[in-house]
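Remarks on the structure that follows.
The values are calculated or read from the model by the stated rules, or taken from the named source; none is laboratory data. None of these values were measured; they are calculated from a predicted model. Cβ placement follows ideal geometry from the backbone for every residue including glycine, while neighbour counts extend to all protein chains displayed. Surface accessibility is based on the protein's heavy atoms, side chains included, excluding ligands, DNA and RNA. Shrake-Rupley method; radii C 1.70, N 1.55, O 1.52, S 1.80 Å.
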Amino acid sequence: MTGAVVLAIDVGGTSFKGAVIDDAGRTLIADSAATGGAQGEEAFAVLERFVAGMIAQASAKNLTVAACGLIAPGMDERSGHVMFSSNLGWRDFPLVPRLIATLGLGIVAGHDVRTAGLAEAQLGAAKGFADSAMAMIGTGIAASLVSGGQAVAGAAQMACELGHIPVYPGGEACACGQFGCLEAYASASSIARRYHAAGGSALTAAEIAGRLAHDPLAARIWDEAVQALSISLATVTLLLDPAVIVIGGGLAEANEVLLAPLRVALRQRLAWRAPPPIVKSVLGSRGALLGAAILAFRSLGSGDAAAGWQAGA
Ligand SMILES: [Zn+2]
């Protein structure tokens, strides 16, 4: 496989990111494109041009793209259909089959959070563990669970929706239609919303995290988020027995302001067993594209493609 490169594509709600990655895990070309609010067929056309442009950039450098790993939220990894994206206006949209048809390139589909978790397990904070959990906390909350070395996908590809497991049944309304979901208390957007609703200024979660020492309201809202997270992570611990829990997403940038109280709260909720260590993601926002590249190399038969990759490459 020496010299092979793959294309990794991350289909986000407001932008598309791409990287050409070689078999040593090095990013040779990186690019991105805003969707500009495009929806439906228009969004597909923007993505199609972006992917074709990345392949052209590789060709211009005498690199041949052997396969593509493409990830999106709500991706059914078996069919390559995006089940639902409100931002892109897609519902059961045959994204990967259509791209394969128009681009003539082998494309393997990945669920965004599960794929980021795969990268974290292969070369990041969960490397070397057959059982691990990663919680991605940003605008929403989702998880990636690895059990016995395998990512847990579920019968309908809908496993690991950690953010929508109720922590306070009948509690605050969640965007999903349920009440009391973890996401309603502990996502970055919910922390900002709850702080504002309780009389605070319109601040981001990161700004609120910087006010804990002198702003009692900020401290209370932050603690409520930490407590809600600890309830969910206690459930994950008791169900899965992970060797490590990795925290990723935008809220992980709060570092020990989040992780230190979260460790204490989790320990308090686990009376009869030791909690697993809680650590920050090593790969951060690069994890998704690296995971997509791993999927692409696997599709070429390079099952252990990432074995020698370095997290910092
Ligand atoms: Zn929910």
Expected sort for 49-57, 136-144, 225-233 on mean C-beta neighbours within 10 Å, highest first, is 136-144, 225-233, 49-57
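Report the GluC sites (Glu not before Pro) located in region 36-76 that are in a DSSP loop and have at most 15 other Cβ atoms inside 10 Å of their Cβ, or state none.
none
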Which of 159, 109, 186 moves most in a GNM of the chain, Cα contacts under 10 Å? 159
What's the ranking of 278-286, 169-177 by average number of surrounding C-beta atoms within 10 Å, highest first? 278-286, 169-177
Protein accessible area in the chain, 1.4 Å probe - carbon and sulfur %: 56 percent
Mind checking the dipole of the chain: about its Cα centre, +1 per Lys or Arg Cβ, -1 per Asp or Glu Cβ, Debye to the nearest 20? 340 debye
Roughly how far apart, in whole Å, are the Cα centres of region 1-58 and region 84-143? 14 Å
Per residue, how much accessible area does region 241-313 show when a 1.4 Å probe rolls over the protein heavy atoms, in square angstrom? 44 Å²
Going by average Cβ density within 10 Å per residue, which order do the peptides 244-251, 199-206, 62-69 take, highest to lowest? 244-251, 62-69, 199-206
Extension length gain for residue 61 and residue 34 (0.36 nm per residue less Cα distance), in nm, is 7.3 nm
Just how large is the dipole of region 232-313 about the Cα centre, in debye to the nearest 20, putting +1 at every Lys and Arg Cβ and -1 at every Asp and Glu Cβ? 180 debye
